[in-house]
Amino acid sequence: MGKLKDMTLKKAFYLIVSVTAVIVLCLSAVSVRICSRIHDQITLSHAFRMDAAVFDDEDGEYCVMEVESGGTEDGHTEFTDRELWICRITEILIVFLPVLFSALGIVCAGTCFYHVKLKEPLTALKQGISHIADNDLDFSIGYGKQDELGELCRAFETMRGELVKNNRYMWGLVEERKKINAGIAHDLRTPITVIKGYSEYLDRNAGKENMTGDGIREIAGYINQSAVRLEEYADSVREVQALEDMRLEYGEVLLGSFLEEMRAQLSVMAGQNGKEICLRAGLPQQIVEMSAAAVFRIMENIIDNSLRFCRERIDVEVSFDAPFLTVTITDDGRGFSEKERVEATDYFYKGKAEKKHFGIGLTICRILAQKHGGTILLDNAPEGGARVTVKIKTEEMDPL
């Protein structure tokens with residue numbers, strides 16, 4: 001039975017039908033033979049009998065065989081009612097029993113095939129559908145047979161896993177939206193308060209002697225600064241939302257060429273900021289599929305963030321361990337605080353001393369890394385300084 005459960009549906013069906021057909025044929029043959037024998041015994045016992053028979057033997061002599069005739073004048077006996085009834089029954093059974101056995105064989109084969117191959121997976125799938133209909137994804141389908149329905153159950157389990165991931169992702173988005181709304185409400189309060197306060201001040205003192213031209217221009221400057229701040233903040237919000245909806249464009253990238261382009265870009269950034277950026281890498285001459293633009297933007301944001309806090313030097317280490325491209329950026333600054341290690345990649349997170357930035361640099365890095373199937377980790381180097389490690393998942397191509 002165990003081997004039958006592991007067969008494909010097609011093989012199991014043919015085997016069950018073949019075995020059932022053999023059993024039906026054997027039962028039909030036996031039943032027909034028994035009924036025919038009973039019928040023949042009755043009919044042969046009432047066959048015509050001759051009184052004598054003369055025949056020529058092999059030696060050319062004539063022999064006479066005498067047979068007793070009994071019962072009736074014409075040499076045969078009449079059938080009794082019981083014998084006639086038995087004969088008719090056997091004639092009917094000779095036709096009916098094969099048909100009956102065939103019908104029973106079909107029912108038995110179908111029942112056996114259902115219980116052996118269909119009942120367990122169909123029950124599991126039905127229960128799974130019922131769970132999903134009730135918005136319950138905390139279940140699993142344990143049917144693991146290597147047949148077509150086993151493949152269907154595994155595909156269903158894969159779908160359930162994807163639904164779980166999507167639900168978690170959607171809940172994550174909802175929580176992130178709440179954080180965004182809370183951050184927006186908090187960060188907009190200051191410029192709005194400034195604009196409102198100075199507007200009310202102008203309204204109260206319009207036309208008074210203390211409102212000189214220089215004072216009005218100074219107040220207008222404060223209002224303008226707050227308005228520009230609001231505009232920049234709105235642009236930052238739009239940028240983050242655009243990144244969440246953006247689809248990365250993947251392409252074939254030669255890691256050696258990618259490294260040279262990275263080295264040139266880091267050299268320009270180091271020269272512009274008067275800091276030292278040291279690149280260490282040992283990438284193979286391997287072609288991978290990834291979004292080079294996303295990786296460069298991640299590096300630019302992290303290094304731009306490090307340039308604000310480092311004293312003199314930033315170390316960049318790049319390695320490849322299929323399928324992940326790992327970039328580790330370490331600076332010689334003060335490092336991350338415990339709160340920053342946990343919250344620095346959140347939307348619009350800013351340290352207490354940061355006023356000019358909106359806190360979306362590391363947020364952008366996190367979004368792009370997650371879209372690329374990777375992760376971002378913030379910690380501190382053993383010798384001090386902040387360390388950011390980004391892993392990007394790539395699709396490996398044929399080596400050169």
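Values quoted throughout were computed directly from the atomic coordinates according to the rules given, and no laboratory measurement underlies them. Since we're looking at a predicted model, the values are computed, not measured. Backbone-built Cβ (ideal geometry, glycine too); neighbour counts: all protein chains shown.
Derived scalar couplings between HN and Hα for region 278-286 equal 9, 9, 10, 7, x, 8, x, 7, 10 Hz in order, rounded to whole Hz, by the Karplus curve 6.51 cos²θ - 1.76 cosθ + 1.60 (θ = phi - 60°), x for Gly and Pro.
Remark on ASN380: its backbone amide H falls under 5 Å from those of ARG387, a criterion applied only to residues 5 or more positions apart or on other chains, H modelled at 1.01 Å from N. Phi angles across region 301-307 convert, under the Karplus curve 6.51 cos²θ - 1.76 cosθ + 1.60 with θ = phi - 60°, into 3J(HN,Hα) values of 5, 5, 5, 4, 5, 5, 4 Hz, Gly and Pro given as x. Note: region 251-396, Cα convex hull, 104 Å³ per residue. Mean projected area of the Cα convex hull of region 94-166, taken over all directions, amounts to 6.1 nm². Couplings 3J(HN,Hα) for region 253-269, derived from phi with the Karplus relation 6.51 cos²θ - 1.76 cosθ + 1.60 (θ = phi - 60°), are 10, 7, 4, x, 5, 4, 5, 5, 5, 5, 4, 5, 5, 5, 5, 5, 5 Hz, where x marks Gly and Pro. What number, in percent, do you get for the relative contact order of region 117-168 if the mean sequence gap of Cα pairs under 8 Å and at least 6 apart is divided by its residue count? Taking the mean separation of contacting Cα pairs over the length of region 117-168, I get 34 percent.
The residues VAL194, VAL99, when put in order of fewest to most other Cβ atoms within 10 Å, stand as VAL99, VAL194.
Cross-linked pairs LYS119/LYS165; LYS126/LYS165; LYS5/LYS119; LYS371/LYS393; LYS10/LYS117; LYS339/LYS393: Cα-Cα separations exceed 18 Å for LYS119/LYS165; LYS126/LYS165; LYS339/LYS393. Note on GLN241 and GLU340: with the Förster distance fixed at 30 Å, the Cβ-Cβ geometry gives a FRET efficiency of about 0.80.
With a Cα-only, solvent-free Debye model of region 207-305, what are the log10 I(q)/I(0) values at q = 0.11, 0.13, 0.14 Å⁻¹? Result of the Debye calculation: -0.59, -0.71, -0.77.
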